[in-house]
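Each remark here refers to the structure printed beneath this line.
The values are calculated or read from the model by the stated rules, or taken from the named source; none is laboratory data. None of the values given here were measured: they were computed from a predicted structure. When we count neighbours, we look across all protein chains shown, and the Cβ atoms used for this are built from the backbone with ideal geometry, even at glycine. For accessibility, only protein heavy atoms count, side chains too; no ligands or nucleic acids. Shrake-Rupley method; radii C 1.70, N 1.55, O 1.52, S 1.80 Å.
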Amino acid sequence: MLSPRIRSTFLDFFTSRGHRLVPSGSLLPPDPSLLVSNAGMNQFKPWFLGDVEPGFPRATSVQKCVRTVDIDNIGRTRRHSTFFEMLGNFSFGDYFKSETIAFAYELLTRHYDLSPDRLWITVYEDDDEAERMWRAVGVPSTRIQRLGAVDNFWSMGVPGPCGPCSDVTYDRGPSFGREGGPAVDSERYVELWSLVFMRSVRGETEPGGGFPVLGELPRTGIDTGLGLDRLAAVLQDVDSVVQTDLLRPTLATAEELAGRPYSPVDREDPDRVSFEVLTDHARAIAFLLADGIRPGKEGTEYVLRRLIRRALRHGRRLGIQGPILGPLTASVVTNLGPSWPELLHEAPLIEDLTTREEESFDRVLHRGTHLVNKAIRRALTTGTHQLPAKTVFTLYDSHGFPPDLTIEAAQEAGLTVDQTHLNTLLNPQPNRT
Ligand code: SER
């Protein structure tokens, strides 16, 4: 099933069950505590919190999301994307767990025709109720696993509504990883759909990464997110998200530019990583630009600049000589424009801005790459397996070469960088150019 049909099947299912179809919010979030929209529920945050009376009790949407926490996963796993579309259904004080679970099971097994035998479920450690409900729809207890807060208690990463979640994962088979369910291997048992049972309010992140739960929401709510890329990879039976119809044309453009084919077989192949980074980042860059975000030094603008620069580095690594991001983003526009008209509308601007940013960074990249390679060769002879933080800092301070790109190059050569030391050197300057 191709992605346009996956989207319409989802939206038809929920609109015919009383959900209001709501357009995606912009990638520039309404909530100033977020750099970029990261979930379908973002636009409904005040409704969940009770700050604003919900306009209707049920909603469904396809939300454009960018997850900066996953940028470094691109090329490492088969399932992560920087930009992705999240299919969601929401309840604001209306239905709760049992209906949500029944909806998810029916849609996946009867409308997307996923084999029930390959579905595995995770529930929050103390959520007996959710486990009982999954068993009631037909999932055997042998395929339901309990996980702790890290995996099964969801929040936006910033203060706001939160709650335990139950995730539906799909067994992609032994060639993807070890047996034992999602508790053991998240690449083989890929998480498709997260069902969040919103009930509490969280505070600021504490040192160490946790957060306090400050109290209960005025009414419980439902917030779900089904990843379109991942479902497409399963339904189209392809190895990774870059091979779905959402990204395959852009990957093909990257192959054309590089003059050689992408091969998914060798997970250690640096060319495979570069092809995947280019393909993934080109889509994120096109969507961020189409939503009015510009490359810059701070916040959301820096997220975009970082993606552009990293994509360029991987493009030049593949030996591409001429323009990279213009042709790649153009293929994103052609492929996804029919579903996302803002891409078509902003196409000339996307091409112009990516080209300009590419030209201005190319010189820094060229000179910087030469210096980084020299520093790496030197570090390799010391036998410490470390690229000194001071070197990373100097490359940034004197040559404008972004630390994240130096670190990535060091890691590719098997070297580590002392991040704490680097942070002290960069402080009080932010880690960016
Ligand atoms: N908000 C949850 C998530 O992003 C479910 O949509 O995973």
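Computed quantities for the displayed model
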| read-out | value |
| --- | --- |
| Residue under evaluation residue 209, criteria (1) out of contact with any Ser or Thr (no Cβ under 8 Å at 6 or more places or on another chain); (2) part of a strand (DSSP E or B); (3) open to solvent by less than 60 Å² (accessible area, probe 1.4 Å), criterion not met | (2) |
| Residues of the range 394-407 classified as crowded, with 20+ Cβ neighbours inside 10 Å and not β-branched (Val, Ile, Thr), total | 6 |
| Filter result (touching a residue at least 60 places away in the same chain (Cβ under 8 Å), of a type outside the set (Phe, Trp, Tyr) and within 14 Å of the ligand (Cβ to nearest atom)) within the range 196-211 | 196, 198 |
| Residue match in the range 1-17 (condition: touching a residue at least 40 places away in the same chain (Cβ under 8 Å), within 14 Å of the ligand (Cβ to nearest atom) and not aromatic (Phe, Trp, Tyr)) | no |
| Filter result for residue 105 (farther than 30 Å from residue 266 by Cα, at pLDDT 95 or above and either within 16 Å of the ligand (Cβ to nearest atom) or among the basic types (Lys, Arg) (or both)) | no |
| Single residue of the range 153-162 satisfying the filter (small (Gly, Ala, Ser) and more than 9 Å from the ligand (Cβ to nearest atom)) that is surrounded by the fewest Cβ atoms within 10 Å (Cβ to Cβ) | 157 |
| Within the range 345-387, tally of residues that are open to solvent by less than 60 Å² (accessible area, probe 1.4 Å), free of Cβ contacts under 8 Å to residues at least 40 places away in the same chain and not in a helix (DSSP H, G or I) | 2 |
| Members of the range 151-174 found to be basic (Lys, Arg) and either over 23 Å from residue 77 (Cα atoms) or at pLDDT below 95 (or both), listed by number | none |
| Those residues of the range 163-180 which are away from the ligand (no atom under 16 Å from the Cβ) and open to solvent by less than 10 Å² (accessible area, probe 1.4 Å), in sequence order | 173 |
| Filter result (part of a loop (DSSP other than H, G, I, E, B) and either within 18 Å of residue 221 (Cα to Cα) or touching a Pro at 6+ places or on another chain (Cβ under 8 Å) (or both)) within the range 95-113 | 95, 96 |
| Cβ pairs under 6 Å, 6+ apart, first in the range 144-159 and free of Cβ contacts under 8 Å to residues at least 60 places away in the same chain, second away from the ligand (no atom under 14 Å from the Cβ) and assigned to a strand (DSSP E or B) | 144/121; 146/123 |
| Members of the range 298-343 found to be in a helix (DSSP H, G or I), farther than 24 Å from residue 62 by Cα and among the β-branched types (Val, Ile, Thr), listed by number | 308 |
| Of all residues making up the range 79-126, the number that are open to solvent by less than 10 Å² (accessible area, probe 1.4 Å) and without any contact (Cβ under 8 Å) to a residue 40 or more places away in the chain | 0 |
| Residue list for the range 35-88, restricted to those being touching a Ser or Thr at 6+ places or on another chain (Cβ under 7 Å), part of a helix (DSSP H, G or I) and more than 10 Å from the ligand (Cβ to nearest atom) | 70, 71 |
| Top-ranked residue of the range 51-63 - restricted to ones that are out of contact with any helix residue (DSSP H, G or I) (no Cβ under 6 Å at 6 or more places or on another chain) and either open to solvent by less than 40 Å² (accessible area, probe 1.4 Å) or not small (Gly, Ala, Ser) (or both), ranked as nearest to residue 241 (Cα to Cα) | 59 |
| Lone unmet requirement of (1) assigned to a strand (DSSP E or B); (2) more than 11 Å from the ligand (Cβ to nearest atom) for residue 193 | (2) |
| Out of 37, 24, sole residue that is out of contact with any Pro (no Cβ under 9 Å at 6 or more places or on another chain), within 28 Å of residue 299 (Cα to Cα) and either surrounded by 16 or more Cβ atoms within 10 Å (Cβ to Cβ) or free of Cβ contacts under 8 Å to residues at least 24 places away in the same chain (or both) | 24 |
| Single unsatisfied condition, residue 32 versus (1) away from the ligand (no atom under 13 Å from the Cβ); (2) farther than 24 Å from residue 239 by Cβ; (3) at pLDDT below 95; (4) touching a helix residue (DSSP H, G or I) at 6+ places or on another chain (Cβ under 9 Å) | (4) |
| Filter result (open to solvent by 50 Å² or more (accessible area, probe 1.4 Å) and farther than 20 Å from residue 90 by Cβ) within the range 212-229 | 213, 214 |
| Matching option when the condition is more than 16 Å from the ligand (Cβ to nearest atom), within 29 Å of residue 115 (Cβ to Cβ), open to solvent by less than 20 Å² (accessible area, probe 1.4 Å) and in contact with a Leu (Cβ under 7 Å, 6 or more places away or on another chain), among 254, 232 | 232 |
